[in-house]
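Undergrad: Dropping a structure here in structure tokens format, bear with me for questions.
The values are calculated or read from the model by the stated rules, or taken from the named source; none is laboratory data. Note that the coordinates shown come from a computational prediction; the quantities given were computed from them, not determined experimentally. Here Cβ is always computed from backbone atoms with ideal geometry, including for glycine, and neighbour counts include all displayed protein chains. To get the accessible areas, we keep the full protein, side chains included, count just its heavy atoms, and leave off ligands, DNA and RNA. Shrake-Rupley method; radii C 1.70, N 1.55, O 1.52, S 1.80 Å.
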Amino acid sequence: MEHKTLRIGFIGAGGIHFGRPGSKLPWAHATRLEKIGNIKVVAIVDTDIKLAEDVLKAKLSSDQVKHFYTDCQVFTHFKELLAQKPDAVFIGIPPIYRGSLEMDIELQFVKAGIHVFVEKSPSVVPPEEFDNYVEEVRKTSIKNNVVVSVGYMFRYHAGIDKMKELIIDHGGKVMACRAKFSLAYSRGHKGRDSYNNKITGGPIVEQATHVCDLARYLAGDINLDSVQTIMLKDSDPSGAGHLSHLPHDGENNIQPADKVPRVTFSQWRFVNGGIGTLMHTIALPGSRHEISIEVQMDGLQMSLFKPVEEDSSLVVRSIKADDPNRDTNYTFNEQDSFLNELSAFINAVRTEDHTGIRSSYEDAAKTYEFHGKLAKIS
């Protein structure tokens, strides 16, 4: 079935939307949207106008994709894009610049009847303050029949689909869930701002948010009163939190209290009674992060490794197998969670059927509230 061409705009000309030259970053939403097709990019918005112009120039120089950008303009303020009345907008700027009644980019597009795809995390303001904003977005999106989707792409991973299937098959009662996100930093892509809590909201909000969200998605909502956290910071008198291999002078101008924690360990109970844990670290060499999530139930263990990489795998040990001592390995070599989530969003926009959206703005707010507890030292 042929669909009309969707007019879209990008807010943010950085890596999340357009990747980085010479980098193997897994992002680049624009590349996936080009693959989906039937789109026309009307504008790229960024305060760094040279970056936006360079991105557009690169796109127009490609015979394969230039037809998506022939009428594209470059703006420095999102209101210029708003005036173009696109069908959908993709918001990929740091959360300090959005997600609140004072920084209400999402709400302004929703009020105009424009569909919104926004990157995680949705905000950096206190959760109780964010709740008011979420309610405004929710009410307005319903009134205007607008899709608002948040970029928790692992919810669209085939390995997570398999885990959900096996959880249901084993009765749905998760006993334990362990989430891990270890950041590789010595050759990493993270810029100076990434080490400043004030700008990013901290590593739980910026990075571990993905596995925190998966814990909720797989095992259910969190008993927030049960959350306990311990952190290792740069200021620890032991010196154990010192980072010696930063690829830049990224922390030189950051106040000690604003430096990101090096290690965060958290534990909690799920509403259904199970127990969850999180380990986030900034310690690994190179640029390859280590991400995994493990779920245990009575007679079942599942561990998903490297969900953002091409050789992602799920290791399952089950009482229902012929040999309960032997692992069953599932591989997902062609997996592209980014493409899956963007396809779901575009389909929802085209069909007005929102059931394929796995991370609504209201649901992402629950993960954000969870962050607020995790980031507090018990």
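Undergrad: Label residue 108 and residue 275 with points 7 Å out from Cα along Cα→Cβ: what is the distance between them in nm?
TA: Here the answer is 4.8 nm between the modelled labels.
Undergrad: Where does helix 209-219 land angle-wise versus the long Cα axis of the chain, in degrees 0 to 90, nearest 10?
TA: 60
Undergrad: Could you give me the radius of gyration and the Dmax of the stretch 303-378, taking only the C-alpha atoms into account and expressing both in angstrom?
TA: For the stretch 303-378, the Cα-based Rg and Dmax read 17.8, 47 Å.
Undergrad: Among 46, 225, 311, whose mean-square fluctuation peaks in a Gaussian network model of the chain (Cα, cutoff 10 Å)?
TA: Of 46, 225, 311, the Gaussian network model singles out 225 as fluctuating most.
Undergrad: Same structure again: Could you grab the relative contact order for the chain? Cα pairs under 8 Å, six or more apart, rounded to a whole percent.
TA: 18
Undergrad: Something else about it: Add +1 for every Lys or Arg and -1 for every Asp or Glu among the other residues with Cβ under 15 Å from the Cβ of residue 359, and state the total.
TA: With Lys, Arg at +1 and Asp, Glu at -1, the neighbours total -2.
Undergrad: Which one, 39, 127, 74, is farthest towards the positive end of the dipole of the chain when Lys and Arg carry +1 and Asp and Glu -1 on their Cβ?
TA: The Cα lying farthest towards the positive end belongs to 74.
Undergrad: Could you work out what % of the accessible surface of the chain is carbon and sulfur, using a 1.4 angstrom probe and leaving DNA, RNA and ligands out of the count?
TA: On the chain, the fraction of accessible area on carbon and sulfur atoms equals 49 percent.
Undergrad: Could you order the peptides 128-136, 280-288 from most to least packed, using the average number of other C-beta atoms within 10 Å per residue?
TA: Top of the packing list down: 280-288, 128-136.
Undergrad: Rounded to two decimals, what is Rg over Rh for the chain when you use alpha-carbon atoms and the Kirkwood radius?
TA: 0.96
Undergrad: Quick one: which residues, 5+ away or cross-chain, put their amide H under 5 Å from the amide H of residue 226? H built at 1.01 Å from N.
TA: Those lying under 5 Å, H to H, from residue 226 are 269.
Undergrad: Residue by residue through the stretch 145-155, which ³J(HN,Hα) values in whole Hz follow from phi under the Karplus form 6.51 cos²θ - 1.76 cosθ + 1.60 (θ = phi - 60°), with glycine and proline marked x?
TA: 6, 10, 7, 10, 10, 10, x, 8, 5, 5, 5
Undergrad: Which shape class, rounded, prolate or oblate, goes with the stretch 1-101 when its Cα gyration tensor gives a ≥ b ≥ c as root eigenvalues, a/c under 1.5 marks rounded, and past that a/b bigger than b/c marks prolate?
TA: Here the stretch 1-101 falls in the rounded category.
Undergrad: Hey, got the dipole for the stretch 45-116? About the Cα centre, +1 on K and R Cβ, -1 on D and E Cβ, debye to the nearest 20?
TA: 100
Undergrad: Could you give the angle, 0 to 90 degrees to the nearest 10, between helix 337-351's Cα long axis and the longest principal axis of the Cα atoms of the chain?
TA: With rounding to tens, the tilt is 50 degrees.
Undergrad: Can you run phi through the Karplus equation (6.51, -1.76, 1.60; θ = phi - 60°) for the stretch 28-41 and list ³J(HN,Hα) in whole Hz, with x for Gly and Pro?
TA: Per residue, the Karplus-derived 3J(HN,Hα) values read 6, 4, 4, 4, 5, 5, 4, 5, 5, x, 6, 10, 9, 7 Hz.
Undergrad: Here's something else I'd like to know. To test your reading of the geometry: what angle, between 0 and 90 degrees and rounded to tens, separates the Cα axis of helix 49-60 from the longest principal axis of the chain?
TA: Approximately 80 degrees, to the nearest ten.
Undergrad: For the stretch 1-64, what's the relative contact order in percent, using C-alpha pairs closer than 8 Å and at least 6 residues apart?
TA: 38
Undergrad: Kindly flag which residue pairs out of 35/139; 66/366; 306/376; 35/164 have an alpha-carbon separation exceeding 31 Å in this structure.
TA: Violating the 31 Å limit, Cα to Cα: 35/139; 66/366.
Undergrad: Further question on the same structure: As a check on your grasp of the helix formula, calculate [θ] at 222 nm for the chain: sum -39500 (n - 2.57) over DSSP H runs of n ≥ 4, divide by the residue count, round to the nearest 500.
TA: The helix contribution divided over the chain gives -8500 deg cm²/dmol.
Undergrad: Still on this structure, please answer the following. Using θ = phi - 60° and the Karplus relation 6.51 cos²θ - 1.76 cosθ + 1.60, list the HN-Hα couplings for the stretch 80-93 in order, rounded to whole Hz, with x at every Gly or Pro.
TA: Values per residue, Gly and Pro as x: 5, 5, 3, 5, 7, 6, x, 6, 8, 10, 10, 10, x, 10 Hz.
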